[in-house]
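Quick note: the coordinates plus some simple rules give every number you see, no bench work behind them. This structure is a prediction, so every number in the text was calculated from the model and none was measured. Virtual Cβ from ideal backbone geometry, glycine too; neighbours counted across all protein chains shown.
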Amino acid sequence: MPDAMPVALGRKVWSTADAFLELLVYTTLWMSFSLASLVPFVQLECGMKIDGRPFWAAASESIAVYTLDHLRDISKATKSTGEHKMIFRQGCFHRRLFLLRALLAVSILALASSLLAARSWIVSLTFIGHVLLCAAYAKLKPRMPYCKAFYVSICVVFMAVAAPCAYAPTLLSSLGGATFWQLLLLIFSVALTVEQLQDIRDVDEDLEAQVVTLASGLGQRRARQLLLLFQAASLSLHILIMQRAHLPLRPHFLAVHVACGLCSMGFTSETPRSLFQVLLEPLYALPLLATVLRASTGFSL
């Protein structure tokens, strides 16, 4: 009997972890809320109190876009006859498919409600424009060699800045030129790190689909070297901009840049896919976390 208790506890912990992965990580919620956290990050950096409306609108749109992309990938994978055909545990496939379809319906309704409640043509045009950029990505992906991660990163920067500005058009007026460009640089750096490492993870699938990314076109080693070079350049440019403008270095931004570099060195094609989803995708939330910690400690440099 004493031996049965640890076994039962272990099974319960594993069951809870499996439910967490299935509901949040293997669906699109984990990624979408991490991505949408860039909206309150921009609001705080601009000296504004957090307004939840653009966050929820951005989260709803992200869930809809990523869920649709997941459903498309599942459809292609189940029809594939190649080496990388997707195989699900029995019963898991239908449960995940149901969750994704339900999320797609709910997120579309949530986005539509957010746009109607805003009663602003600027808000509507902002989110519709971003949806069109995402739709264009699905069509252009096979036709933009080596640029896939850069395109997605630009879309991320657009949403992170445009969404809060649509609700508060004067939001960026509190920022100087140097601070504004340093903010864009940080968001782009985080986005490119996540997207480029995901391309390294998916290199075999991209080769099979004939999608040319830096990893599939130049090889994983060279793609990682270029990413590390970009991270070093981003960190150096951040320091140069702040020094030329005689502004504080903002150590919470430096910490995020360093974290991007560490991820670039730590994640490889051999890293379990679940770790990419559990640990890498929340990198999008690190700027907000760093800003909140800095505000709570008052640390400056």
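Would you mind classifying segment 214-301 by shape? Square roots of the alpha carbon gyration tensor eigenvalues, ordered a ≥ b ≥ c; an a/c under 1.5 is rounded, otherwise it is prolate if a/b is larger than b/c and oblate if not.
Working: a/c = 3.91, a/b = 1.51, b/c = 2.59.
It is oblate, given that a/c is not under 1.5 and a/b is not larger than b/c.
Where q = 0.11 Å⁻¹, what log10 of I(q)/I(0) comes from the Debye formula for segment 106-203, counting one point per Cα?
Values, matching the q order: -0.42.
Express the C-alpha Rg of segment 145-301 as a ratio against the empirical globular expectation 2.2 N^0.38 Å, rounded to two decimals.
Numbers: Rg = 16.5 Å, N = 157, 2.2 N^0.38 = 15.0 Å.
Segment 145-301 yields a ratio of 1.10.
By its C-alpha gyration tensor, with a ≥ b ≥ c as the square roots of the eigenvalues, how is segment 181-224 shaped: rounded for a/c under 1.5, else prolate for a/b larger than b/c, else oblate? Don't skip to the answer; put the middle values down first.
Numbers: a/c = 3.10, a/b = 2.51, b/c = 1.23.
Prolate shape, in that a/c is at least 1.5 and a/b is the bigger ratio.
Sorting check: for 28-36, 231-239, which peptide has the highest mean count of neighbouring beta carbons within 10 Å, and how do the rest follow? Working shown, then result.
Details: 28-36: 22.6, 231-239: 16.7.
For the peptides 28-36, 231-239, the packing ranking is 28-36, 231-239.
How do the peptides 42-50, 289-297, 97-105, 189-197 rank, highest first, by the average count of neighbouring beta carbon atoms within 10 Å per residue? It would help to have the intermediate numbers written out before the result.
Working: 42-50: 17.1, 289-297: 14.0, 97-105: 15.6, 189-197: 25.1.
The most tightly packed comes first, giving 189-197, 42-50, 97-105, 289-297.
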